[in-house]
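Working notes for the structure below.
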Amino acid sequence: MNFENELKPLQRVSFTTKTLITNLEKHGYKNVINSVFKEVNGKNDSEIINNLEQNILNKINLYKKNPNDELLLLIFHSIQIWGGNTVRQFYFNDGFNKNFSLQSYKNAISFIRNDKEELLSKAICEFRNIGQTNIAFASKHFSFWTKDFNSEIDSFQKQLPILDKLIFRLVYGKNNQPDYKHYITFVNDIYLASKKINVSIQNLERQLFNYADTSEGKDWINNRINKELF
């Protein structure tokens with residue numbers, strides 16, 4: 001991996017965003033899709049997903065200046081959709097109304113914005129109240145809501161990284177889905193790695209995701225599988 005200072009776009013062999021859009025439209029969420037992509041377009045999947053990422057960050061900045069529930073819901077849906085088709089079960093069969101808790105989401109965001117380790121644990125507890133949501137998707141929300149944290153002093157004033165199955169396999173050689181119980185250990189490991197190689201959390205996270213989808217990254221993952229670290 002080449003840890004340059006400039007943040008690279010997210011690069012995947014394939015994106016599942018269009019598949020998710022089709023699935024959500026079939027299950028009655030066309031209005032949600034229209035709202036999320038009202039200001040987002042692109043020539044290809046990569047451009048669309050990277051433009052969506054910037055749009056989410058812009059909306060988070062607006063929310064910090066003027067908090068309101070409508071905008072918060074739009075941010076929530078946007079991050080879910082950015083994460084890809086594996087989130088579909090959260091929405092199917094009127095899943096959003098059954099699974100989502102606005103108050104739990106507000107509480108979780110408030111806790112992680114206070115950038116203390118003990119409050120991260122509370123944020124995790126709040127996300128456990130949101131049905132059909134594992135750490136893979138919870139940490140995507142954590143990551144977006146802390147991208148502006150860049151303290152060089154307090155480690156928990158840095159961006160929170162994403163922990164999904166791909167990263168779990170890459171970093172720890174584990175082939176199962178990561179759990180909430182793994183997250184704080186992962187955060188500390190990523191913070192230590194970031195400090196040791198002197199790159200930002202955002203850059204390290206992006207490089208890990210991009211590397212994992214290369215042939216070299218896939219070979220690395222295959223060599224790491226079944227080495228028990230948890």
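The values are calculated or read from the model by the stated rules, or taken from the named source; none is laboratory data. Values in this document were obtained by computation on a predicted structure and should not be read as measured data. Cβ atoms come from the backbone with ideal geometry, glycine included; neighbour counts cover every protein chain shown. The accessibility values were calculated without ligands, DNA or RNA, using every heavy atom of the protein model including side chains. Shrake-Rupley method; radii C 1.70, N 1.55, O 1.52, S 1.80 Å.
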*Can you tell me which of 116-128, 62-74 comes out highest on packing, and rank the rest after it, using the mean Cβ neighbours within 10 Å?*
116-128, 62-74
*Using alpha carbon centroids, what distance separates the range 8-71 and the range 177-218, in Å?*
23
*How much accessible surface does SER78 have with a 1.4 Å probe, in Å² rounded to 10?*
0
*First compute the accessible area of the range 10-81 with a 1.4 Å probe, then give the percent of it belonging to carbon and sulfur atoms.*
47
*Inter-site label distance for ILE184 and SER101 at 7 Å from Cα along Cβ, in nm*: 1.9
_Run the paramagnetic zone check for LYS8: 7 angstrom along Cα to Cβ, then residues of the range 157-186 with backbone nitrogen under 17 Å._
167, 170-171
*Using a 1.4 Å probe over the heavy atoms of the protein chains, calculate the carbon and sulfur portion of the accessible area of the range 117-225 as a whole percent.*
47
_1.4 Å probe accessible area per residue over the chain, in Å²_ = 51
*lysines whose Cα lies under 21 Å from that of LYS26, excluding same-chain neighbours fewer than 8 positions away*: LYS18, LYS38, LYS98
